[in-house]
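Quick notes on the structure that follows.
The values are calculated or read from the model by the stated rules, or taken from the named source; none is laboratory data. In this text, all values refer to a predicted model and were calculated from it rather than measured experimentally. FYI the Cβ positions are ideal-geometry reconstructions off the backbone, even for glycines, and counts take in every protein chain you see.
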Amino acid sequence: MSDIKSIHIVDTTLRDGSHAVSHQFTAEQIAAIAGGLDAAGVEYIEVSHGDGLAGSSYNYGWAALGDAEMLKAASEAIKKGKLTVLLLPGIGTVEDLKMAADCGAKVVRVATHVTEADIGEQHIGLAKKLGMMAVGFLMMCHMAPPEKVVEQAKLFESYGADYINIADSAGAMLPEDVKARVGAVVEAVKVPVGFHAHNNLTLATANALAAVEAGATFLDGACRGLGAGAGNAQTEALIGVLDKLGYHTGVDFYKIMDVAEDIVEPIMHRPQVVRNAPLMLGYAGVYSSFLLHTYRAAEKFNLDPRDILVELGRRRMVGGQEDMIVDVAYQLAQMRGGN
Amino acid sequence: MDKVKVAVIGPGNIGSDLMYKILRSRHLEMALMTGIVESEGIKRARNMGIKTSIEGVNAVLAEDDIKIVFDATGARPHLQHAPLLKEAGKIAIDLTPAAVGPYVVPCVNLDKVKAEPNLNMVTCGGQATVPIVYAINRVAGARYAEIVACIASKSAGPGTRQNIDEFTQTTARALEVVGGAKKGKAIIILNPAEPPIMMHNTVYVEVEKPDLTAIRASVEAIVKEIQSYVPGYRLVVPPILDDNKVTVAVEVEGAGDFLPKYSGNLDIITSAAVAVAERLAQMTLLKEGVA
């Protein structure tokens, strides 16, 4: 083992953070954040609607800008880093991926539910053909045992994925859960492994470290943790912590703190703290992006958002099923004789 | 004999489910099941006393009295079958994504396309959601329609998985072409929960005239029509209005003929295909009766 170990940082302020601002980033904000991240030395800068390319919709929320406008705004501001996009098969298509490549995207993370990697084969294949880096991104990994995560990671590897990202999309994992899954995948595949944390149980940084201990070499973060639910691991905090542990990230600690405080914080709609509903997301194992949609449904149907989240967890809803929030709220309201 | 002879090409899950439904039909006679290799599906059909062949489309072409042919193979084979069947004067009901002929959704546009030699069954999500969009459009005007179809992982075969974009693109087009929306968008989600979930579809429509009473009546009427050929089709969230956005949710439980009940997504497309064939058969029988 060499003394200096490197961790690749993927900042997703402009993708997962899109959820926290209800997908209302403007071109100026995107350019400022992407430019700041790039100047701070962040290697991968993810920019997309929160639900990936073509995510702008009734179901997931309309974005202020089209995908191409967002990507162009970021692309023009990035000099060294790699513009990264997220694509959820079933929402985005190969046509969207071609558009992203034309707009300067160099990396695509193809995200599927932890048991459904095979729906991403064609998108990984196209990315490789386009000369892009392709990442197999497994969402909601808390819902599957390590053996299943391994099986699906190997599928992504067989399609040509350049690394596998294990995502705790519900912020439901404890550090032991992270170690078990990341460790098993590191053992089983030849490509690098990354981890995407959510802070619903206030464990985002601890879980990111657990992932590193288990062999992960890519970590996701967002400035000020901006993201779905209680947000992600806080990029600037991760940089400080990794630095203290002797890891090299290539990211300047002061500069990334400045991006967080001077550029990101002023545009946040609310502080990224663990309120009761996001805490319930983590506790009940519910997809973090459901949070703001759940608040709206709770208000419309006069319900406690926690009740909706618990029912969604009980029904084992997966990422992307935002439509079920209204369905569940409607049924809960009917049962209570409301509305 | 007051039945029209039909054949099924492709003895897989869809083909086998079609066979059970055809066997129950008053107007269709299950005359032939063909594949290209000896398979479980071929064996099953043979054991049920149905004529089988492993000569694929050629076996169908060799039989003049077969008038209607269900193609449950794949897009590529159907592109080869389509011209041959047309030349032989047989009507093709295409359950593949090939879309050689126009899309058909029985309760919406069958009358318009019934004279076509080749009819495409869209997608499972299309069969479940296009009628709702159509029903809303006819009373309120649909500027935009978006659907989210969620199906049980177990019920999504390798064909769907390897080309999931085909689902979103075809369904979106059908929302426009058949449903009447000015613009369409489709999303598909696979959920692996055990026990498997029923097929669930949410339909969002941006309307020109937000008249909830008219929209509810129109949607309820079309749901009854769909139930006449898909008994497991249910309205779970009746139309809700937010400004000019209508939200509707429907669930589809399969009939459990050959496929399990949670495969409502497959049941709705085979049921719709058989409903189309029955209409065409009635027309043929009527013509023969007159002649």
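Restricting attention to region A:114-135, and to residues there that are farther than 20 Å from A:Phe195 by Cα and surrounded by 24 or more Cβ atoms within 10 Å (Cβ to Cβ), which single residue is nearest to the other protein chains (Cβ to nearest Cβ)? Result: A:Ile119.
Per the listing B:Leu190, B:Leu175, the residue uniquely under 22 Å from A:Arg314 (Cβ atoms) and touching a residue at least 24 places away in the same chain (Cβ under 8 Å) is B:Leu190.
Within the bounds of region B:252-267, is there any residue that is in a loop (DSSP other than H, G, I, E, B) and free of Cβ contacts under 8 Å to residues at least 12 places away in the same chain? Within region B:252-267, one or more residues are in a loop (DSSP other than H, G, I, E, B) and free of Cβ contacts under 8 Å to residues at least 12 places away in the same chain. Would you confirm whether or not region A:161-173 contains a residue that is assigned to a helix (DSSP H, G or I) and under 19 Å from A:Ala206 (Cα atoms)? So far as region A:161-173 goes, no, none of its residues is assigned to a helix (DSSP H, G or I) and under 19 Å from A:Ala206 (Cα atoms).
B:Val223 - would you say it is within 17 Å of B:Gly179 (Cα to Cα), part of a strand (DSSP E or B) and at pLDDT 95 or above? It is false that B:Val223 is within 17 Å of B:Gly179 (Cα to Cα), part of a strand (DSSP E or B) and at pLDDT 95 or above. Taking region B:105-201 as the region of interest, the helices (runs of 4 or more DSSP H) fully inside it that hold 2 or more residues being polar (S, T, N, Q) and either more than 13 Å from chain A (Cβ to nearest Cβ) or over 26 Å from B:Ala217 (Cα atoms) (or both) are B:124-140, B:158-162, B:164-177. Tell me yes or no: at least one residue of region A:309-324 is touching a residue at least 24 places away in the same chain (Cβ under 8 Å) and away from chain B (no Cβ under 14 Å). Yes, region A:309-324 contains at least one residue that is touching a residue at least 24 places away in the same chain (Cβ under 8 Å) and away from chain B (no Cβ under 14 Å).
Here B:Glu253 clears all of (1) more than 14 Å from every other protein chain (Cβ to nearest Cβ); (2) at pLDDT below 95 except the condition numbered (2). Just one residue in the set B:Glu278, B:Glu288, B:Glu208 is more than 14 Å from every other protein chain (Cβ to nearest Cβ), in contact with a His (Cβ under 6 Å, 6 or more places away or on another chain) and more than 17 Å from B:Ala128 (Cβ to Cβ); that residue is B:Glu278. Being without any contact (Cβ under 8 Å) to a residue 60 or more places away in the chain, more than 20 Å from B:Ser271 (Cα to Cα), touching a strand residue (DSSP E or B) at 6+ places or on another chain (Cβ under 9 Å) and of a type outside the set (Asp, Glu) is the requirement here; does B:Ala45 meet it? When the stated conditions are applied, B:Ala45 does not pass them. Filtered by the rule that a residue be away from every other protein chain (no Cβ under 14 Å), touching a strand residue (DSSP E or B) at 6+ places or on another chain (Cβ under 9 Å) and farther than 20 Å from A:Tyr58 by Cβ, region B:219-250 gives B:Glu220, B:Val223, B:Ile226, B:Gln227, B:Val230, B:Gly232, B:Tyr233.
Being within 16 Å of the chain's Cα centre (by Cα) and not aliphatic (A, V, I, L, M): is that true of B:Gly126 here? Yes; evaluated as a whole, the condition is true for this residue. Determine whether A:Leu245 is among the aliphatic types (A, V, I, L, M) and within 28 Å of A:Val21 (Cα to Cα). In short, no.
Per the conditions (1) surrounded by fewer than 18 Cβ atoms within 10 Å (Cβ to Cβ); (2) more than 30 Å from B:Pro83 (Cα to Cα); (3) among the aliphatic types (A, V, I, L, M), the sole criterion not satisfied by B:Leu110 is (2). Does region B:29-48 contain at least one residue that is surrounded by fewer than 22 Cβ atoms within 10 Å (Cβ to Cβ) and closer than 19 Å to B:Arg279 by Cα? Yes; the residues of region B:29-48 include at least one that is surrounded by fewer than 22 Cβ atoms within 10 Å (Cβ to Cβ) and closer than 19 Å to B:Arg279 by Cα.
Filtering B:Thr270, B:Thr247, B:Thr213 for residues that are in contact with a Leu (Cβ under 7 Å, 6 or more places away or on another chain), at pLDDT 95 or above and among the hydroxyl-bearing types (Ser, Thr, Tyr) leaves a single hit, B:Thr270. Of all the residues in region A:80-102, those that are farther than 17 Å from A:Thr12 by Cα and more than 14 Å from every other protein chain (Cβ to nearest Cβ) number 2. With respect to being over 20 Å from A:Leu219 (Cβ atoms) and surrounded by fewer than 24 Cβ atoms within 10 Å (Cβ to Cβ), A:Gly61 fits the description.
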